[in-house]
Amino acid sequence: MAEHRSVRMGIDVGGTYTKCVAMDNETHEIIGKNEVKTTHDHKDGVAAGVVQSFQNCMRENGISPEDVVFVAHSTTQATNAFIEGDVANVGVVGVAGGGLEGFLAKGQLALKDIVLDEKVGRMIKVYNTFIKKKMLTEEVINKNIDDLLAQGAQVIVASMAFGVDSMDEELLIHDCAEKKGIPVSMASDITKLYGLTRRTRTAAINASIVPKMMATANATESSVRAAGVTVPLMIMRGDGGVMEINEMRKRPILTALSGPAASVMGSLMYLRASNAIYFEVGGTTTNIGVIKNGRPGVDYAQIGGHDTYISSLDVRILGCAGGSMVRINDKEVVDVGPRSAHIAGCEYACFTPEEEIVDPQIEMVSPKPGDPADYVVIRLKSGKKICFTNTDAANVLGLIDEKYFAHGNANAARKAMQPVADKLGITVEALATQILDKDFEKVNACINALADKYQLDHDSMKLVGCGGGAASLVPYCAGKMGLQYSIPENAEVISSIGVALSMVRDVVERVIPNPSQEDIRELKKEAADAAIGSGASPDTVEVHIEIDSQTGKVTAIATGSTEVKTTDLLKECDEAEALELATQDFGPKVSDIHLAEQTGKFYIYQGKRDGKEPVRIVDMKGFIKVQCSNAMVRKCKVSEYQEVVEELWKDGAVFKTDTVLRPDYFVCFGPRVGDYSAVDLEQIFLLMDLDIGDREPDEEIVVVAAISDI
């Protein structure tokens with residue numbers, strides 16, 4: 001064992017397995033892996049499995065506590081709490097001024113019970129009380145809290161009309177609840193956006209899982225400390241970043257959907273997938289989302305069908321995956337999923353010893369009460385029951401290479417599928433094709449919807465397959481869509497890798513009509529401070545600003561590393577290697593590919609296709625940072641940038657019947673690519689000047705103006 005090494009450890013909590021990966025901090029090579037069954041039924045819940053896999057991985061790979069520089073885990077705990085209804089009763093203390101404002105606010109603050117699952121009556125029970133702002137004293141607050149507790153509330157939410165402008169009143173309620181030892185959430189601590197009912201509901205959903213998440217956090221942290229590891233324990237957020245466990249104790253709702261987020265960050269950081277549609281294919285569900293220009297698609301999460309102000313990765317979850325069961329009638333395959341083989345207590349046919357598949361007989365079942373009885377199970381002569389799944393169909397069609405996790409015995413799958421093929425009067429191969437076609441219908445619709453939403457260029461799209469079941473779906477769907485795909489090494493643990501390599505992330509949002517440069521500067525500082533508070537090292541934090549001119553919403557996204565000193569982890573690529581990467585990314589239909597411009601940190605390649613000039617910006621590590629299907633490229637000095645941007649604003653305009661579409665800008669300066677889009681030139685200059693206004697006037701930068709295709 002080396003005398004000393006720096007190790008990053010990531011643990012992903014899945015529905016079936018909890019997996020830990022240890023990675024070398026300097027090279028990103030995998031040192032070791034460990035997996036244990038997820039400990040849903042343990043007295044400490046999933047925390048027990050996190051600790052087991054973590055300690056096993058350290059012991060098996062000779063990792064000493066002082067080697068560990070980073071440890072983080074994703075968690076399904078928040079999502080499962082909502083699914084299972086394992087939530088606390090919430091008491092809302094609402095505050096507003098008098099008169100009409102108070103009358104309207106009182107109605108908006110009076111939350112109804114938050115239904116999580118209407119079919120089974122699963123809900124968050126909500127009790128309400130209201131205090132006029134002028135009556136707000138500790139004595140009145142304590143009486144109202146006591147009344148809520150007497151009704152059955154277990155946690156408290158403090159929410160005031162226009163609380164985003166002044167948090168003093170919510171803080172007073174928070175302090176009163178804390179003195180009583182009652183868990184409490186402030187609505188304005190969760191989000192600074194207006195929308196009183198939605199903000200209060202988001203805080204109530206957050207508060208409902210605080211007790212459960214606190215117990216998990218405490219059990220995990222104490223075990224990690226007992227193992228001798230002293231670095232802060234980080235928790236994955238649903239938007240792809242991590243935060244310190246103390247931050248999670250305040251805002252556990254941010255961890256909802258952190259499982260899919262982990263696979264995205266693994267794709268982004270480990271696979272260098274800066275532009276891709278990513279698939280995480282498990283046994284029961286497939287998560288599909290977008291990475292565009294190095295950023296994953298992000299949107300507000302819905303929980304139990306309720307809109308929230310919680311940002312999470314924009315992931316579409318499909319009920320077809322590697323282990324999905326097949327459903328038939330007398331004529332054809334009618335659907336695949338959403339139930340999977342493990343729900344029915346069955347092995348996959350291709351993972352069953354071929355010699356066991358004797359006298360296979362069709363049996364139609366309902367895997368769970370209330371399910372239709374059209375799911376196929378195969379009963380063997382021994383009495384054992386097995387299933388054939390998407391994985392079996394893909395093995396029969398020869399789509400799964402031996403190197404992939406989903407590779408199995410095609411002959412065993414063929415023998416199990418034969419009775420159904422005979423019943424339908426088709427070959428086994430035709431049956432396998434019908435099965436995968438049903439999946440393709442769902443996947444194709446999902447990808448097209450994402451492509452429309454994020455304005456993806458079809459010819460530049462690639463599919464990246466992650467998860468143990470990736471090879472069962474991705475090759476077939478990519479072939480049908482005419483897209484390139486990759487299933488990388490270690491795809492089955494990509495989520496754990498994503499956790500190990502993740503960055504601290506925090507988001508601050510405000511509604512600021514016509515923001516000034518000072519407004520933006522203050523917002524950037526607030527976002528940077530929030531990221532530092534969540535565990536980022538101050539000298540690593542970068543802040544990206546987005547302005548929605550229609551709504552007046554300004555978003556500051558801060559990201560940073562937990563390490564005091566970051567390392568250049570990848571070997572730099574030369575111009576020839578960068579050209580090859582860009583050429584592959586452009587695809588075969590782009591001609592005349594050439595180096596349009598370069599800086600000390602970036603290569604900018606341009607080509608020709610159908611009268612357009614697509615562009616790729618490639619950094620020195622081989623990441624394709626930006627894809628444009630049509631763009632103009634200009635190099636200039638910092639002192640000249642406004643003149644160049646204004647010229648491109650005019651030259652890149654696209655005139656439509658009822659509007660004029662203006663270009664989006666990407667500016668290469670120093671080690672960064674700035675990303676700027678807005679509806680008026682003044683806002684563009686405002687954002688650019690914050691980033692490059694204080695750089696040396698003679699420094700050369702490259703401006704890329706992406707022309708709209710819409």
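The values are calculated or read from the model by the stated rules, or taken from the named source; none is laboratory data. Because the structure is a prediction, the values reported are computed rather than measured. So basically every Cβ, Gly included, is an ideal-geometry build from the backbone, and we count neighbours across all protein chains shown. Protein only, heavy atoms only, side chains kept; ligands, DNA and RNA dropped before computing areas. Shrake-Rupley method; radii C 1.70, N 1.55, O 1.52, S 1.80 Å.
Summary of computed values
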quantity: Surface share of carbon and sulfur [accessible, 1.4 angstrom probe, percent] for the range 530-688; calculated: 47 percent
quantity: Dipole magnitude (debye, nearest 20) for the range 141-181, charges at Cβ of Lys, Arg, Asp, Glu; calculated: 220 debye
quantity: Extreme residue, positive dipole direction of the range 80-149, given options Val87, Asn144, Ile124 (C-beta unit charges); calculated: Asn144
quantity: Isolated Cys in the chain, by beta carbon distance under 4.7 Å; calculated: Cys176, Cys320, Cys350, Cys446, Cys466, Cys477, Cys573, Cys628, Cys636, Cys668
quantity: Positive-end residue of Ala471, Ala653, Val115, charge dipole of the chain with Cβ unit charges; calculated: Val115
quantity: Residue-normalised accessible area of the chain, given per residue in Å² at a 1.4 Å probe; calculated: 42 Å²
quantity: Around Arg249: net Lys/Arg minus Asp/Glu count, Cβ-Cβ under 14 Å; calculated: -1
quantity: Sorted peptide list for 5-12, 618-625, criterion being average Cβ within 10 angstrom, highest first; calculated: 5-12, 618-625
quantity: Length released on extending from Ser708 to Lys525, taking residue separation times 0.36 nm less the Cα-Cα span; calculated: 62.7 nm
quantity: 3J(HN,Hα) from dihedral phi, the range 145-162, Karplus parametrisation 6.51/-1.76/1.60, rounded to Hz, x for glycine, proline; calculated: 5, 4, 4, 5, 5, 5, 6, x, 5, 10, 9, 10, 10, 9, 9, 10, 4, 6
quantity: Label zone at Lys589 (point 7 Å along Cα-to-Cβ), backbone N below 15 Å, the range 436-472; calculated: 456-462
quantity: Exposure rank, largest accessible area first [His28, His342; 1.4 Å]; calculated: His342, His28
quantity: Given charges at beta-carbon only (K, R positive; D, E negative), |dipole| of the range 575-646 in Debye; calculated: 120 debye
quantity: Accessible-area composition of the range 432-506, carbon plus sulfur, in percent [1.4 Å probe]; calculated: 48 percent
quantity: Nitroxide proxy distance, nm - points 7 Å out along Cα→Cβ at Ile317 and Ser549; calculated: 3.8 nm
quantity: Label assignment, Rg and Dmax of the Cα atoms in Å derived from the structure, set (1) 25.0, 77; (2) 27.1, 81; (3) 30.0, 100; calculated: (2)
quantity: Hits among lysines - C-alpha to C-alpha of Lys625 under 19 Å, sequence gap 8 or more where chains match; calculated: Lys292, Lys462, Lys571, Lys601, Lys635
quantity: Förster-model FRET efficiency, 22 Å R0, Ile426 and Glu354, C-beta, rounded to 0.05; calculated: 0.50
quantity: Rel. contact order, % - alpha carbon contacts under 8 angstrom, at least six apart, the chain; calculated: 10 percent
